[in-house]
Amino acid sequence: MTLDMDKSSHKIGLAANIAMVRERLKKACLEAGRPLEEITLTAVSKTQALEKIEQALELGLNVFGENKVQEAASKWPMLRKTHKNIELRLIGPLQTNKAKQALGLFDVIETLDREKLAAALAKEIAKGAPSIPLLVQVNTGEEPQKSGIDPRRAVDFVKYCQQHYGLNVVGLMCIPPANESPSPHFALLAKLARRAGLREISMGMSGDYDIAAQLGATHVRIGSAIFGERI
Ligand SMILES: *Cc1c(COP(=O)(O)O)cnc(C)c1O
């Protein structure tokens, strides 16, 4: 009984968080003159327990982001058995030796960030792995410790992945530097996506998704504003 009450109060909290995020997105879209339907809410479920993710599914969320292949593999094949129409997106770095597993597990990979990975993905696809949509991660802040393609090389890299490797590149993603205003980074990513002729722009997290929505995001990746602070 106590446990059930606890569960349902968590679900109410989750529902309130989702409603709040949707409301802020709606307001940002209104201000930017964009239809809300242009923006997909990706719920970032990394580190979250199965039970909480199940509640999010029951509340109608169906697009999720995970940042680790192993963790996603331990949670999502099970969840997919009971819930249909889930879209699972990899938003964390991918090692080449996990390319095959990632192509089988995710619906979209957002973190194509180097040529070696493009080659590894193409090799697995040639051997029969599904050719899923990919986003190129751009290091808009040119931070040495951060993965991603240099913004000056991004458009050429996209073309190379498409033409040389035959990869299904559909968009760009970025994670702006932590201690800077994100706006110039979001504006740059949107500009590069337009130049490369790509439809998906993945940017904006819990602290700045409304700014990203105003600057052209098609996908916002939101963890803590939905699920609460991660432990
Ligand atoms: C964890 C993570 C997020 C979500 O971060 P929040 O601040 O909790 O919304 C978004 N994108 C990436 C790449 C992440 O690793």
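The values are calculated or read from the model by the stated rules, or taken from the named source; none is laboratory data. Predicted model only: the values in this text are computed from it and were never measured. We place every Cβ from the backbone using ideal geometry, glycine too, and count neighbours over all the protein chains shown. All accessible areas refer to the heavy atoms of the entire protein, side chains included, with ligands and DNA or RNA removed. Shrake-Rupley method; radii C 1.70, N 1.55, O 1.52, S 1.80 Å.
A few notes on this one:
- Filtered by the rule that a residue be under 16 Å from residue 111 (Cβ atoms) and without any contact (Cβ under 8 Å) to a residue 24 or more places away in the chain, region 182-203 gives a lone residue, 193.
- Within region 176-205, considering residues that are open to solvent by 50 Å² or more (accessible area, probe 1.4 Å) and assigned to a loop (DSSP other than H, G, I, E, B), the one modelled with the lowest pLDDT: 179
- Test: residue 93 is touching a residue at least 24 places away in the same chain (Cβ under 8 Å), within 18 Å of residue 67 (Cβ to Cβ), surrounded by fewer than 19 Cβ atoms within 10 Å (Cβ to Cβ) and within 16 Å of the ligand (Cβ to nearest atom): yes
- Flag for residue 179 being closer than 30 Å to residue 27 by Cα, more than 17 Å from the chain's Cα centre (by Cα) and not charged (D, E, K, R): yes
- Each residue in region 206-222 was checked for being within 16 Å of the ligand (Cβ to nearest atom) and part of a helix (DSSP H, G or I), and 5 pass.
- Subset tally (residues that are touching a helix residue (DSSP H, G or I) at 6+ places or on another chain (Cβ under 8 Å) and within 14 Å of the ligand (Cβ to nearest atom)) for region 50-70: 6
- The set of residues in region 115-141 that are closer than 20 Å to residue 194 by Cα and open to solvent by 30 Å² or more (accessible area, probe 1.4 Å) contains only 133.
- Answer residue from region 34-49, given it is more than 9 Å from the ligand (Cβ to nearest atom) and assigned to a loop (DSSP other than H, G, I, E, B) and is farthest from residue 220 (Cα to Cα) among those: 49
- Every listed requirement among (1) in a helix (DSSP H, G or I); (2) open to solvent by 20 Å² or more (accessible area, probe 1.4 Å); (3) more than 16 Å from residue 226 (Cβ to Cβ) is met by residue 29 save one, (2).
- When 77, 35 are checked against the criterion of being touching a Cys at 6+ places or on another chain (Cβ under 7 Å) and over 19 Å from residue 207 (Cα atoms), a single residue qualifies: 35.
- Of the residues examined, residue 225 is one that is hydrophobic (A, V, I, L, M, F, W, C), within 16 Å of the ligand (Cβ to nearest atom), surrounded by fewer than 21 Cβ atoms within 10 Å (Cβ to Cβ) and more than 14 Å from the chain's Cα centre (by Cα).
- Qualifying positions in region 11-52 - more than 29 Å from residue 214 (Cβ to Cβ) and in contact with a Lys or Arg (Cβ under 7 Å, 6 or more places away or on another chain): 50
- Among (1) assigned to a loop (DSSP other than H, G, I, E, B); (2) under 18 Å from the mean Cα position of the chain (by Cα); (3) within 19 Å of residue 196 (Cβ to Cβ), the one test that residue 146 misses: (3)
- Looking only at region 96-119, and only at residues there that are β-branched (Val, Ile, Thr) and within 16 Å of the ligand (Cβ to nearest atom), the one that is nearest to residue 133 (Cα to Cα): 108
- Residue check, residue 8 hydroxyl-bearing (Ser, Thr, Tyr) and touching a helix residue (DSSP H, G or I) at 6+ places or on another chain (Cβ under 8 Å): no
- Number of positions in region 71-90 that are away from the ligand (no atom under 16 Å from the Cβ), charged (D, E, K, R) and not in a loop (DSSP other than H, G, I, E, B): 2
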